[in-house]
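Just below is one structure, and these are the notes that go with it.
The values are calculated or read from the model by the stated rules, or taken from the named source; none is laboratory data. Owing to the predicted nature of the structure, the values given are computational and were not obtained by experimental measurement. Reconstructed Cβ throughout: ideal geometry from the backbone, glycine too, with neighbour counts over all protein chains shown.
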Amino acid sequence: MCGIGFDAHTSSCLSCPRTVRIASEARKRESPPTVRAQNRPTLKETPPVMQSENLKNRLLLGIGTFLCVLWISFPVRVDAAVIALAGDSTVASNNGWGDALSNFIPTTYTVNNQGINGRSTKSFINEGRWQNTLDLNSDYVFIQFGHNDQKLNNSSLGTYPDDNPTHVTPGPLDLYSGNLRSMVDDVVSSGATPILLTPVARRWTPYTSTQAQININNWLGATDGFGNQYSLLDYADAVKAVGIEKNVTVIDLNQLSLNLYIEMIGNGEDISTFGPPEDNTHFSAVGSLAIAGLVGESITMLWGDFDADGDTDGRDFLRWQIGEAPNPLSQSDLGNWEANYGWVAPSVEVAVVPEPTYLVLLLGILSLGGQFRPTR
């Protein structure tokens, strides 16, 4: 020991050069050198480029927030609806007017044609087809039957337009008006809007005779064996009565089509082209468009401009097909549906679609969100 001092930590003499060196190295290991504060930048001393970037991000965030609020407050609304058609062969695809209706409604509307050959209100319900129609969750349901309901010699089809037929105790679904009432109630309960149509008129030979067309509409169908038999006009009257009773819209297609045939005959036009050869009930392509045009024009009168080309007259297509057509039916010919049969809204708002430009901006803002950093 050198006598100068003894370091208990190193257990060696403090005056020994080797001891001093070891102690110095130990202190270096225990206490790393400190960095002076002024040698590193503070948070407040952000470089100018970074400050500019933060300002830009805050500006983008403000603009983006404004656009988001604007987008939410003023969405673009698309009017669209599904129209279901329930009916017989005069409505069905291929030989009925139902599919042609799409030519006279907005392109955002869809026609779902459930019409099928050989059905009456009774058989359509019994076969489950009516329930299938309801299950479509449509916005409107157009209902047109009568041609097969007139067949009272067929117990699976025939129904009575008279609620009190002679010598008959009606069973379930035997009453035409009763079936229509149930259908209207079912549609209303489903949240959709029912539209009743009277059965479209038949045509008859000679096709140049207006009286022949009137006669076939008044022709009595098959009897039930108890003296009950009815004309197509009787079923049309029953539809209108139910419409008034239930306060639902009725399109008197029976009268509209009969008027059209008579007007065409008066103008020297051939109504036989409306159906396949020797078929006085169903429709050719031209006939389907003509009858669908009458339905489209009726909708136009009730709801405003409803046809696809925006010309407010569903029969324009008919005029284009057959050349010089008769004058449009008058208000008195068509009947005052608003007063007599109620009124329905022109469309159902089923979708809210954002403007694509706004959507792109919103996605861009969301993608930049991760880059936003507040400046301290």
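Considering each of Y235, Y261 in turn, give the residue that is over 31 Å from the mean Cα position of the chain (by Cα), touching a residue at least 24 places away in the same chain (Cβ under 8 Å) and within 21 Å of I291 (Cα to Cα). Walk me through it before giving the result.
Working: Y235 fails: over 31 Å from the mean Cα position of the chain (by Cα).
Testing whether each residue is over 31 Å from the mean Cα position of the chain (by Cα), touching a residue at least 24 places away in the same chain (Cβ under 8 Å) and within 21 Å of I291 (Cα to Cα) leaves just Y261.
Being touching a residue at least 24 places away in the same chain (Cβ under 8 Å), touching a strand residue (DSSP E or B) at 6+ places or on another chain (Cβ under 9 Å) and buried (at least 24 other Cβ atoms within 10 Å of the Cβ) narrows it down to one residue among D149, D139; which is it?
Numbers: D139 fails: buried (at least 24 other Cβ atoms within 10 Å of the Cβ).
Only one candidate passes the filter, namely D149.
All but one of (1) among the hydroxyl-bearing types (S, T, Y); (2) in contact (Cβ under 8 Å) with a residue 24 or more places away in the chain; (3) exposed (fewer than 14 other Cβ atoms within 10 Å of the Cβ) hold for S177, so report the exception by its number.
Result: S177 passes all but (3).
Does the stretch 167-178 contain at least one residue that is closer than 22 Å to T281 by Cβ, touching a Phe, Trp or Tyr at 6+ places or on another chain (Cβ under 7 Å) and not charged (D, E, K, R)?
Taking the stretch 167-178 as the starting set, the residues that turn out to be closer than 22 Å to T281 by Cβ are 176.
Among the residues that remain, those that are also touching a Phe, Trp or Tyr at 6+ places or on another chain (Cβ under 7 Å) are: 176.
In the following step, the residues that additionally are not charged (D, E, K, R) were identified as 176.
Within the stretch 167-178 (the criterion being closer than 22 Å to T281 by Cβ, touching a Phe, Trp or Tyr at 6+ places or on another chain (Cβ under 7 Å) and not charged (D, E, K, R)), the answer is yes, since at least one residue qualifies.
For I116, state whether it is under 15 Å from P194 (Cβ atoms), aliphatic (A, V, I, L, M) and at pLDDT 95 or above. Quick ask: steps written out before the conclusion?
Details: under 15 Å from P194 (Cβ atoms): no; aliphatic (A, V, I, L, M): yes; at pLDDT 95 or above: yes.
So I116 does not fit the description; no.
V184 passes all but one of (1) surrounded by 19 or more Cβ atoms within 10 Å (Cβ to Cβ); (2) touching a residue at least 60 places away in the same chain (Cβ under 8 Å); (3) closer than 20 Å to H282 by Cβ; which number fails?
Checking V184 against (1) surrounded by 19 or more Cβ atoms within 10 Å (Cβ to Cβ); (2) touching a residue at least 60 places away in the same chain (Cβ under 8 Å); (3) closer than 20 Å to H282 by Cβ, the one that fails is (3).
So, in the stretch 290-318, exactly how many residues are at pLDDT 70 or above and over 26 Å from V248 (Cβ atoms)?
0
Does T166 satisfy the condition of being touching a residue at least 40 places away in the same chain (Cβ under 8 Å), of a type in the set (S, T, Y) and either over 25 Å from V248 (Cβ atoms) or buried (at least 16 other Cβ atoms within 10 Å of the Cβ) (or both)?
Numbers: touching a residue at least 40 places away in the same chain (Cβ under 8 Å): yes; of a type in the set (S, T, Y): yes; either over 25 Å from V248 (Cβ atoms) or buried (at least 16 other Cβ atoms within 10 Å of the Cβ) (or both): yes.
The answer is yes for T166.
How many of the residues in the stretch 215-246 are in a loop (DSSP other than H, G, I, E, B), out of contact with any Gly (no Cβ under 8 Å at 6 or more places or on another chain) and crowded, with 17+ Cβ neighbours inside 10 Å?
Residues of the stretch 215-246 that are in a loop (DSSP other than H, G, I, E, B), as a first pass: 218-219, 221-230.
Retained after the next criterion (residues that are out of contact with any Gly (no Cβ under 8 Å at 6 or more places or on another chain)): 218-219, 221, 223, 225-228.
With crowded, with 17+ Cβ neighbours inside 10 Å added as a condition, the list becomes 221, 228.
Number of matching residues: 2.
For the stretch 165-188, state whether one or more residues are modelled with pLDDT under 95, farther than 23 Å from K246 by Cα and of a type in the set (S, T, N, Q).
yes
So, N148, is that one in contact with a Leu (Cβ under 6 Å, 6 or more places away or on another chain) and modelled with pLDDT under 95 or not? Explain how you work it out, then say what you get.
Numbers: in contact with a Leu (Cβ under 6 Å, 6 or more places away or on another chain): yes; modelled with pLDDT under 95: no.
For N148, the condition - in contact with a Leu (Cβ under 6 Å, 6 or more places away or on another chain) and modelled with pLDDT under 95 - is not met.
For residues that are among the basic types (K, R) and surrounded by fewer than 16 Cβ atoms within 10 Å (Cβ to Cβ), tally how many sit in the stretch 190-214.
Step one: of the stretch 190-214, the residues among the basic types (K, R) are 202-203.
Of the ones still in play, those that are also surrounded by fewer than 16 Cβ atoms within 10 Å (Cβ to Cβ) are none.
The qualifying residues number 0.
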